[in-house]
1. Look through segment 241-261, keep the residues that are among the charged types (D, E, K, R) and touching a helix residue (DSSP H, G or I) at 6+ places or on another chain (Cβ under 8 Å), and return whichever of them is most open to solvent (accessible area, probe 1.4 Å).
2. Out of TRP111, TRP62, report the one residue that is open to solvent by less than 30 Å² (accessible area, probe 1.4 Å), modelled with pLDDT under 95 and not β-branched (Val, Ile, Thr).
3. Only residues in segment 137-161 that are touching a residue at least 40 places away in the same chain (Cβ under 8 Å) and over 14 Å from PRO279 (Cα atoms) count as the first member; pair them with residues that are open to solvent by 60 Å² or more (accessible area, probe 1.4 Å) and part of a strand (DSSP E or B), Cβ under 9 angstrom, at least 6 apart or cross-chain, and list the lot.
4. So PRO57 ticks every box in (1) at pLDDT below 90; (2) loosely packed, with under 13 Cβ neighbours inside 10 Å but one. Which box is left unticked?
5. I need every pair where a residue in segment 47-74 that is free of Cβ contacts under 8 Å to residues at least 24 places away in the same chain has its Cβ under 8 Å from the Cβ of a residue that is assigned to a loop (DSSP other than H, G, I, E, B) and of a type in the set (Ser, Thr, Tyr), sequence separation at least 6 or different chains.
6. Select from segment 94-123 the residues that are aliphatic (A, V, I, L, M) and not in a loop (DSSP other than H, G, I, E, B) and list them in ascending order.
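The values are calculated or read from the model by the stated rules, or taken from the named source; none is laboratory data. Quick caveat, the model's predicted, so the values are computed rather than measured. Here the Cβ positions follow ideal geometry from the backbone for every residue, glycine too, while neighbour counts run over all protein chains shown. Just so you know, the surface numbers come from the protein's heavy atoms only, side chains and all, with ligands and any DNA or RNA stripped out. Shrake-Rupley method; radii C 1.70, N 1.55, O 1.52, S 1.80 Å.
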Amino acid sequence: MTSSRHFRRALVATAAAAVLALTACTADTTADSSTTVDDGSLPTLTAGKLTIATGEPAYAPWVVDNEPSNGEGFEAAVAYALADELGFAADDVVWVRSSFDSAIAPGPKDWDLNMQQFSITEDRKQAVDFSSPYYTTTQAVIATESSAAAGATSIADLKNVVVGVASGSTSYTIAAEALGDDLSVFNSNEDGVLALTSGQIDAFVIDLPSAFYLATVEIDGGVILGQFESSAGGDEFAFVLPKDSELTSPVSEALDALAADGTLQSIQDEWLSAAVDVPVLK
């Protein structure tokens, strides 16, 4: 995860240059020292620390045991990889909590970054900044333990059972590409889930984050059979930052570097596939 030493030095140089330019243009130097670059560090809320917010509680597989500081879980692992890429030691990461709605509302924040499966939307961009995405949702197949699809482990197996999906959705596009057009189509995900739980269909295709929630919370005996390999058209999850934050570009560049060197994919494979036993369907 330390593949971009040159990148880090470039960040520091860029940040330092920005501070010099700001200093040159600003006669009044009454700004709080905690909001300025401190001898090569990035302009974080607290000098030398990277304050990251997540939800309360934070659930697996995103955060394990509601304890992001353990670095376990997909988003916790991404956060520490990002911190490392930016040049922060693990001990310099400070975790705080926030609600989902307050994070994407306009106004000042008491954190540098916030991550709790925020999808990038044009509407939200009016109030906050988004980093480059760190995850694009895949589509998963859920069933119940008693359904005819419960033992399916491959795309071929799924072609022998009744699979439902919401019309006009990304889930439909991906499912049709993999399984063909012989799908039971519903007007909404809610209608499809009702059909699954009532036994009208054997399996249902929906995005992976929703599949986690449905299988563990909403559906008695719910199981996730697997996920499709393609993430085309899926929602993009990204860090939220305060509007016009000086950290937005450095954070995005660091995430781009982690994507380019395969770090993000490795973390995804570990926490959203192997650890939760959601294999990629072949």
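1. GLU246
2. It is TRP62.
3. So the pair list comes out as THR137/GLU236.
4. (1)
5. ALA47/THR36; ALA47/SER41; ASN66/TYR59
6. Of everything in segment 94-123, those that are aliphatic (A, V, I, L, M) and not in a loop (DSSP other than H, G, I, E, B) turn out to be VAL94, VAL96, ALA103, LEU113.
This table checks each residue for (1) at positive phi; (2) part of a strand (DSSP E or B).
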residue	(1), (2)
LYS125	no, no
ASP129	no, yes
TYR134	no, yes
VAL141	no, yes
GLY151	no, no
GLY168	yes, no
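Let's see how each residue does on (1) polar (S, T, N, Q); (2) in contact with a Leu (Cβ under 6 Å, 6 or more places away or on another chain); (3) at pLDDT below 95:
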| position | (1), (2), (3) |
| --- | --- |
| ALA143 | no, yes, no |
| SER146 | yes, no, no |
| ALA152 | no, yes, no |
| GLY164 | no, no, no |
| SER169 | yes, no, yes |
| THR173 | yes, no, yes |
